[in-house]
Amino acid sequence: MVKIRLRRMGTKKRPSYRIVAVDSRTSCNGKFIEIIGTYNPLTEPSTVVVDREKVSNWVNHGAQLSDRVAKLLDNLDKTAPQSEPKDDLTTKVAEQPEAKVNLEVNDTANDSPTIDTETQVNAEEKK
């Protein structure tokens with residue numbers, strides 16, 4: 001039997017998950033059949049990216065959803081904006097906040113300081 005469940009990725013105390021289709025007899029982080037999406041609980045709010053077409057295809061072929069994946073997909077349906085069409089291949093629940101970047105452009109290229117590579121190498125040799 002095929003199940004759709006979470007596979008833990010990431011590092012120690014920094015989990016991220018893949019939503020995968022697996023044979024129910026394999027271990028929790030064993031071989032998988034197909035990657036269906038991702039789930040990152042560390043972003044605020046959590047980020048879920050799912051290929052709805054793949055999920056519906058696997059469910060139509062008899063795959064069963066794990067409890068957590070079913071809950072994630074249910075929350076995804078509740079929080080998705082109603083104006084977007086439901087047949088999009090990828091849907092994001094929440095996006096990470098945009099990073100603010102301040103860029104200053106110098107009009108004259110000669111104003112920027114230059115470092116002589118020989119001086120830099122000699123300084124490292126003295127240390």
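Residues are listed down the side, and each one gets a yes or a no for (1) more than 10 Å from the chain's Cα centre (by Cα); (2) buried (at least 16 other Cβ atoms within 10 Å of the Cβ); (3) in a strand (DSSP E or B); (4) among the polar types (S, T, N, Q):
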| residue | (1), (2), (3), (4) |
| --- | --- |
| Arg8 | yes, no, yes, no |
| Arg25 | yes, no, no, no |
| Asn29 | yes, no, no, yes |
| Pro45 | yes, no, no, no |
| Trp58 | yes, yes, no, no |
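If I ask for residues that are among the aromatic types (Phe, Trp, Tyr) and on the phi > 0 side of the Ramachandran plot, which ones from segment 45-84 would you list?
None; the set is empty.
Within segment 11-20, is even one residue surrounded by 14 or more Cβ atoms within 10 Å (Cβ to Cβ) and hydroxyl-bearing (Ser, Thr, Tyr)?
Taking every residue of segment 11-20 in turn, at least one turns out to be surrounded by 14 or more Cβ atoms within 10 Å (Cβ to Cβ) and hydroxyl-bearing (Ser, Thr, Tyr).
Is at least one residue of segment 80-89 surrounded by 10 or more Cβ atoms within 10 Å (Cβ to Cβ), modelled with pLDDT under 85 and of a type outside the set (Phe, Trp, Tyr)?
Checked segment 80-89: at least one residue is surrounded by 10 or more Cβ atoms within 10 Å (Cβ to Cβ), modelled with pLDDT under 85 and of a type outside the set (Phe, Trp, Tyr).
What are the residues in segment 8-48 that are in contact with a Ser or Thr (Cβ under 6 Å, 6 or more places away or on another chain) and charged (D, E, K, R), if any?
The one that is in contact with a Ser or Thr (Cβ under 6 Å, 6 or more places away or on another chain) and charged (D, E, K, R): Arg18.
For Val69, state whether it is part of a helix (DSSP H, G or I), modelled with pLDDT of 50 or more and farther than 20 Å from Gly10 by Cα.
For Val69, the condition - part of a helix (DSSP H, G or I), modelled with pLDDT of 50 or more and farther than 20 Å from Gly10 by Cα - is not met.
The values are calculated or read from the model by the stated rules, or taken from the named source; none is laboratory data. What you see is a predicted model; the values in this text were computed from it and never measured. Counting neighbours? That spans all protein chains shown, and the Cβs are built from the backbone with ideal geometry, glycine included.
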